[in-house]
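Undergrad: I have a structure here, written as structure tokens, and I will follow up with some questions on it.
The values are calculated or read from the model by the stated rules, or taken from the named source; none is laboratory data. A quick note: this is a predicted structure, and the numbers were derived from the prediction, not measured. No Cβ is skipped: glycine too gets one built from the backbone with ideal geometry, and neighbour counts run over all protein chains shown.
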Amino acid sequence: MKSQITNALSDFFFEYETPRQVLVRNRRVGVVCRLIQLGVLAYIIGWVFIYEKGYQSTDTAVSSVFTKMKGVGYTNVSGRETVWDVADYVFPSQGDASFVVMTNFIITEGQKMGTCPELPGKHTCSSNADCKGGSFKRTGHGQMTGVCVNATKTCEVLTWCPVEDDTYIPDPPLLISAENYTLFIKNSVNFPLFGVKRSNLVEGIDGLYISKCLYDPADAPLCPIFKLGDIVKLSGFSFEKIAKEGGAIGIVVDWTCNLDVHIKHCKPEYSFHGLYGNANEMDEVRTSMGYNFRYAKHYIENGVSKRTLLKVFGIRFDIIVKSLARKFDIIPTLTAIGSGVGIFGVATVVCDLVLLYLLPKREFYKNMKFKYTDTEVQQDSESLALDSKDYSTFEVNAGQIQDKSNNPDSEAGSMETER
């Protein structure tokens, strides 16, 4: 028992098994095999390593964005001159990554709480029965009092009076001068996996440069100051068209960095996109085009609470940070190599299919590749081997007996002499 265990352990630790291989000399199969292997090799080198950078690990950034607008606008509405600065036309004013710049507006001044008729053409009525008191309509301005105003043929409502009339949008936009406003973007990113921190104020971007530069894709691609007119133009829109009813534009800050080279090469790239609406369809009649919201300034006059209501049309800017950093790592490298070596097995599978099922000599190749056994033949062979062993044993014993009889020194011979 001990020797059997020792032999088993010895066989396990000191023996190596290798699969049997058959060398097939066939030009067509050989060419197919090499072409598949060449394709796999091109995939591993070209796609996995060169294009997908399979030898590098990746990380995305934790980002922070700060914005600041500069510029002054001027309007003259019904003889009333107004100068608009950053505090008036930017919403919200905290420097967020998403904000709105007002480019057009409809102003309704001196509103106070009271009763007044709805606008002509809206919620028409012929009698008080058509105006249910205490009810609201989704597109209305207030709560209906149950009175039908004969002068306008509309329902009377309790609301801020006079009601806003937004049927006409000023054209050209009142704040068309917003085209010359400038936007300053300050962005910082942190790649925690690699311990790398960067800012869009990269090497060479100092205070003197910022005071003079203006972003240009070719001449000043790293300048963090952008003219609104240039942003709209680079996104594919006409500023005058988008300023009338508003719109939304995304500013993408792309940090795609290869950290295997010097850190100074990790720089941002800016791109601009219309987030909704098609630049080629702005002139067509579309439902809910543009971007607008209402904003009210409340005040008290002669003890009466009043407000100035503005329906603001503007361009919404969303600053989106896109990041991906790569750096060499032995683990993904070995993983990519291992998977590539495994894919080489495809060539063997395909060539076996061609050999065993497509070629004219497929039966010959099957006999060379596979070794067949038959259970009945195996049993007959074992029986024959057993009979041969018994016969050999009998023959050996018979020979020994004959030798003993012929040997005078044997026990039988001595007995025979004594008689």
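Undergrad: Going through 139, 115, 124, 152 one at a time, which residue ends up being under 50 Å from the mean Cα position of the chain (by Cα) and not basic (Lys, Arg)? Can you show your working first?
TA: Working: 115 fails: under 50 Å from the mean Cα position of the chain (by Cα); 124 fails: under 50 Å from the mean Cα position of the chain (by Cα); 152 fails: under 50 Å from the mean Cα position of the chain (by Cα).
Only one candidate qualifies: 139.
Undergrad: Can you report the number of residues in region 199-240 which are part of a loop (DSSP other than H, G, I, E, B), within 24 Å of residue 189 (Cβ to Cβ) and not β-branched (Val, Ile, Thr)?
TA: Filtering region 199-240 down to residues part of a loop (DSSP other than H, G, I, E, B) leaves 200-206, 213-215, 217-219, 221-224, 235-238.
Those still in the list that are within 24 Å of residue 189 (Cβ to Cβ) too: 200-206, 213-215, 217, 221-224, 235.
Checking which are not β-branched (Val, Ile, Thr) leaves us with 200-201, 203-204, 206, 213-215, 217, 221-224, 235.
Here the count works out to 14.
Undergrad: Could you check region 135-175 and list, in sequence order, the residues that are farther than 21 Å from residue 313 by Cβ, of a type outside the set (D, E, K, R) and part of a loop (DSSP other than H, G, I, E, B)?
TA: Let us first name the residues in region 135-175 that are farther than 21 Å from residue 313 by Cβ, namely 135-138, 140, 142-159, 161.
Cutting the leftovers down to of a type outside the set (D, E, K, R) gives us 135-136, 140, 142-152, 154-155, 157-159, 161.
Within region 135-175, 135, 136, 140, 142, 150, 151, 152 qualify.
Undergrad: What is the residue count in region 349-366 for residues that are touching a residue at least 60 places away in the same chain (Cβ under 8 Å) and within 15 Å of residue 33 (Cα to Cα)?
TA: First, pick out the residues of region 349-366 that are touching a residue at least 60 places away in the same chain (Cβ under 8 Å): 350-351, 354-355, 359, 365.
This time we only want the ones that are within 15 Å of residue 33 (Cα to Cα), so: 350-351, 354-355, 359.
The number of residues fulfilling the criteria is 5.
Undergrad: What's the number of the condition residue 75 fails, among (1) of a type outside the set (Phe, Trp, Tyr); (2) surrounded by 15 or more Cβ atoms within 10 Å (Cβ to Cβ); (3) out of contact with any Asp or Glu (no Cβ under 8 Å at 6 or more places or on another chain)?
TA: Just one mismatch for residue 75, condition (3).
Undergrad: Next up: May I ask you to list pairs of residues, at least six apart or on different chains, whose Cβ atoms are under 8 Å apart, with the first in region 193-209 being at positive phi and the second being in a loop (DSSP other than H, G, I, E, B) and surrounded by 13 or more Cβ atoms within 10 Å (Cβ to Cβ)?
TA: 204/222
Undergrad: Can residue 250 be described as assigned to a strand (DSSP E or B), touching a residue at least 12 places away in the same chain (Cβ under 8 Å) and touching an Asp or Glu at 6+ places or on another chain (Cβ under 9 Å)?
TA: So residue 250 passes the test.
Undergrad: Out of curiosity, is residue 123 free of Cβ contacts under 8 Å to residues at least 24 places away in the same chain and surrounded by 15 or more Cβ atoms within 10 Å (Cβ to Cβ)?
TA: Against the criterion (free of Cβ contacts under 8 Å to residues at least 24 places away in the same chain and surrounded by 15 or more Cβ atoms within 10 Å (Cβ to Cβ)), residue 123 does not qualify.
Undergrad: Here's another thing I want to ask about it. Quick test of your reading of the structure: residue 383 fulfils all but one of (1) of a type in the set (S, T, N, Q); (2) at pLDDT 85 or above; (3) more than 30 Å from residue 29 (Cβ to Cβ). Name the failing condition by number.
TA: (2)
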